[in-house]
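Asks: This structure is in structure tokens; I'll ask about it shortly.
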Amino acid sequence: MKIRDFKLEVFFGKHEFTAPYLLTQSDCESMSIKDLLSYEEGAEKLFLNNSLGYTEVPGNSELRKVISKLYTTMKPENIIVHAGAQEPIFNFMNVLLAKEDHVICQFPIYQSLYEVANAIGCEISKWTIEQSDNGWVMDVNKLEQLIQPNTKLLVLNSPNNPTGYTLKKEEIEAIAEIARKHEFYIFCDEVYKGVELDGIKRPWFADHYEKAISLGVMSKAYGLAGLRIGWLATRDMNLIDKLIKMKHYTSICSSAPSEFLSIVALKHSDEILNRNVKIIEDNLKLAEDFFEKYPTLFEFNRPMAGSVAFIKMNITMAIEEFCDALVSDKGVLLLPSNIYSFKGQYFRMGFGRKNFAESLSKFEEYLIEKQYV
Ligand SMILES: Cc1ncc(COP(=O)(O)O)c(C=O)c1O
């Protein structure tokens, strides 16, 4: 397979482990193995005695059980565990799609969610999240206009990276109805689910539609990216069977220590998510005060959920040049919108890290020094 470079990962490869002020990261503040194990009495001893042998291909059965409990209609057999979120995106697209298929993809979005389909040879149509006076919006009528006789799949990411736009329950129901009528699948990347900032918990897509596949992961809302544990949930058992056979060619099974640690984390899901929502909300207050100070330079839309926002910056210089200069002069990392192939002067800011205040003040220092404000 020939596949184009993953722009965001190439960009992070240059800066993520060298820039001191990461103001764009999408994963929440992480923790040590010791801190995670302390959530569950006796877990440390069990962890040290855990076997390092192979585990079941669809995922450790206890882990699949705790994951299935996040949903209202899933059973352990409806879950297949993978390495992070990237492996299941790659495997799912390869299992479902052929080059004659048409795919509709929400946009802007994490690149692999359309790039793998593009590499397979599929035609891709973009369903764009638009900026209105009331923040980001999606028009369900526009989705209907994009449907073709060979539309096989709709790809969504809710809560969305980078905009923070999140589908409401009524939108999920309306989209599922359209998909049912036209008999296409829905792949919903829900890796930022769990850190809702408007107080409204949305249902997982897989609980709403028989041909929907929900993607979940430990990396983002839980802040446990180093575990490299993600999963797919679907009622379509034929698809699960194909995904298991595909996984035989990729990771075979997941890491046993990571599966153990994911079970501990998911048993304490509410505590960990509440900790991370608190970090995001505290940081968002600082961000709102900051953006209110500079209303002509920035247009800020508060995210509905998730840990990131896409912010418009009113400058004449190209946003990618601004971000390059910012990271090389001041060590502050922001992600420019060209990385998402999105037209306009936007950057992504992340609110999940504990050193947000320090990074934001370095950003402000730079704006003052360079006379942007
Ligand atoms: C929307 C989305 N999906 C998938 C991924 C990949 O997640 P992971 O690093 O856990 O594989 C990311 C990572 O940034 C993401 O933002």
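Asks: Across the stretch 84-98, what is the total count of residues that are open to solvent by 30 Å² or more (accessible area, probe 1.4 Å) and among the small types (Gly, Ala, Ser)? Working first, answer last.
Replies: First, the residues of the stretch 84-98 that are open to solvent by 30 Å² or more (accessible area, probe 1.4 Å): 86, 90, 94-95, 98.
Subset that is among the small types (Gly, Ala, Ser): 98.
Count: 1.
Asks: If Asn314 satisfies every condition in (1) under 24 Å from Gly13 (Cα atoms); (2) open to solvent by 40 Å² or more (accessible area, probe 1.4 Å) but one, which is the exception?
Replies: Tallying (1) under 24 Å from Gly13 (Cα atoms); (2) open to solvent by 40 Å² or more (accessible area, probe 1.4 Å), Asn314 fails exactly one: (1).
Asks: Checking the condition in the same structural domain as Leu113 (by TED's automatic domain parsing) and modelled with pLDDT under 95, which residue from Asp189, Asp207, Asp198 passes? Steps first, answer last, please.
Replies: Values: Asp189 fails: modelled with pLDDT under 95; Asp207 fails: modelled with pLDDT under 95.
Just one listed residue meets the conditions, Asp198.
Asks: Under the condition of being assigned to a strand (DSSP E or B) and either more than 17 Å from Pro159 (Cα to Cα) or not assigned by TED's automatic domain parsing to the domain that holds Val140 (or both), which residue from the stretch 63-115 is nearest to the ligand (Cβ to nearest atom)? Let's see the steps before the verdict.
Replies: In the first step, residues of the stretch 63-115 are kept if they are assigned to a strand (DSSP E or B); the result is 79-82, 102-107.
Then drop every residue that is not either more than 17 Å from Pro159 (Cα to Cα) or not assigned by TED's automatic domain parsing to the domain that holds Val140 (or both), which leaves 79-82, 102-104.
Details: Ile79: 16, Ile80: 15, Val81: 12, His82: 9, His102: 22, Val103: 16, Ile104: 17 Å.
Going through the qualifying residues, I end up with His82.
Asks: In the stretch 245-274, what count of residues is obtained for those that are open to solvent by 50 Å² or more (accessible area, probe 1.4 Å) and among the small types (Gly, Ala, Ser)? Can you show your working first?
Replies: Here is the first cut: in the stretch 245-274, the ones open to solvent by 50 Å² or more (accessible area, probe 1.4 Å) are 245, 248-250, 252, 255, 267, 270-271, 274.
With among the small types (Gly, Ala, Ser) added as a condition, the list becomes 255.
The number of residues fulfilling the criteria is 1.
Asks: Here's another thing I want to ask about it. Checking Lys201 against (1) within 16 Å of the ligand (Cβ to nearest atom); (2) closer than 26 Å to Val81 by Cα: exactly one of these is not met. Which one?
Replies: The single condition Lys201 does not satisfy is (1).
Asks: Looking only at the stretch 45-62, which residues are away from the ligand (no atom under 16 Å from the Cβ), crowded, with 20+ Cβ neighbours inside 10 Å and closer than 21 Å to Asp236 by Cβ?
Replies: Pro58
Asks: A further question on this structure: Determine whether the stretch 201-220 contains at least one residue that is assigned to a helix (DSSP H, G or I) and either of a type in the set (Ser, Thr, Tyr) or surrounded by fewer than 19 Cβ atoms within 10 Å (Cβ to Cβ) (or both). Break it down stepwise before answering.
Replies: Kept after step one, since they are assigned to a helix (DSSP H, G or I), are these residues of the stretch 201-220: 205-207.
Restricting the remaining residues to those that are either of a type in the set (Ser, Thr, Tyr) or surrounded by fewer than 19 Cβ atoms within 10 Å (Cβ to Cβ) (or both) gives 207.
Scanning the stretch 201-220 turns up at least one residue that is assigned to a helix (DSSP H, G or I) and either of a type in the set (Ser, Thr, Tyr) or surrounded by fewer than 19 Cβ atoms within 10 Å (Cβ to Cβ) (or both).
Asks: Failed condition for Leu156, given (1) closer than 22 Å to Trp127 by Cβ; (2) away from the ligand (no atom under 16 Å from the Cβ); (3) open to solvent by less than 10 Å² (accessible area, probe 1.4 Å), with all others met?
Replies: (2)
Asks: If Leu146 passes every condition in (1) open to solvent by 40 Å² or more (accessible area, probe 1.4 Å); (2) away from the ligand (no atom under 15 Å from the Cβ); (3) out of contact with any strand residue (DSSP E or B) (no Cβ under 8 Å at 6 or more places or on another chain) but one, which one does it miss?
Replies: (3)
The values are calculated or read from the model by the stated rules, or taken from the named source; none is laboratory data. This one's a predicted model, so the numbers in the text were calculated from it and none came from an experiment. For neighbour counting, all protein chains shown are included, and Cβ atoms are generated from backbone atoms with ideal geometry for every residue, glycine included. These accessible areas exclude ligands, DNA and RNA; they are computed on the full protein's heavy atoms, side chains included. Shrake-Rupley method; radii C 1.70, N 1.55, O 1.52, S 1.80 Å.
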